[in-house]
């Protein structure tokens with residue numbers, strides 16, 4: 001089952017790592033308060049990516065639903081990260097956008 005979702009699982013794992021790194025790096029920025037939404041979205045995104053990976057690996061019947069939500073949160077995280085011109089936020093945004101693309105493919109697979 002997990003071979004079917006290989007690309008999405010990889011994207012989710014990469015995204016979770018980048019989001020955790022970004023959150024930690026944001027806490028080291030001078031104006032941490034300005035980074036608050038970024039940090040919160042990083043944590044939400046990383047958690048959902050890990051759950052989506054587990055759902056895909058286990059063949060859950062709710063995989064498509066969770067991937068749809070994960071894609072939405074990844075897009076929100078990417079949009080927030082793009083507002084900050086620091087490297088860790090830009091790398092995180094790239095990973096979030098890739099993950100959102102892959103999750104959207106899984107989410108729409110049920111419809112196809």
**Study point:** Given (1) more than 16 Å from residue 10 (Cβ to Cβ); (2) modelled with pLDDT of 95 or more; (3) surrounded by fewer than 19 Cβ atoms within 10 Å (Cβ to Cβ), number of the condition residue 25 does not satisfy
**Key:** (3)
Check your understanding: Just one of the numbered conditions (1) surrounded by 16 or more Cβ atoms within 10 Å (Cβ to Cβ); (2) closer than 26 Å to residue 109 by Cα is not true of residue 38; which one?
Key -> (2)
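Sort out which residues of region 54-72 are in a helix (DSSP H, G or I) and either free of Cβ contacts under 8 Å to residues at least 24 places away in the same chain or surrounded by fewer than 22 Cβ atoms within 10 Å (Cβ to Cβ) (or both), and write them in order of number.
54, 55, 57, 58, 64, 65, 66, 68, 69, 72
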Study note, to complete from the structure: When region 76-93 is checked residue by residue, the ones that are assigned to a helix (DSSP H, G or I) and touching a residue at least 40 places away in the same chain (Cβ under 8 Å) are 77, 80, 81, 88, 89, 91, 92
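The values are calculated or read from the model by the stated rules, or taken from the named source; none is laboratory data. Note that this is a predicted model, so its numbers are computed, not measured. Here Cβ is always computed from backbone atoms with ideal geometry, including for glycine, and neighbour counts include all displayed protein chains.
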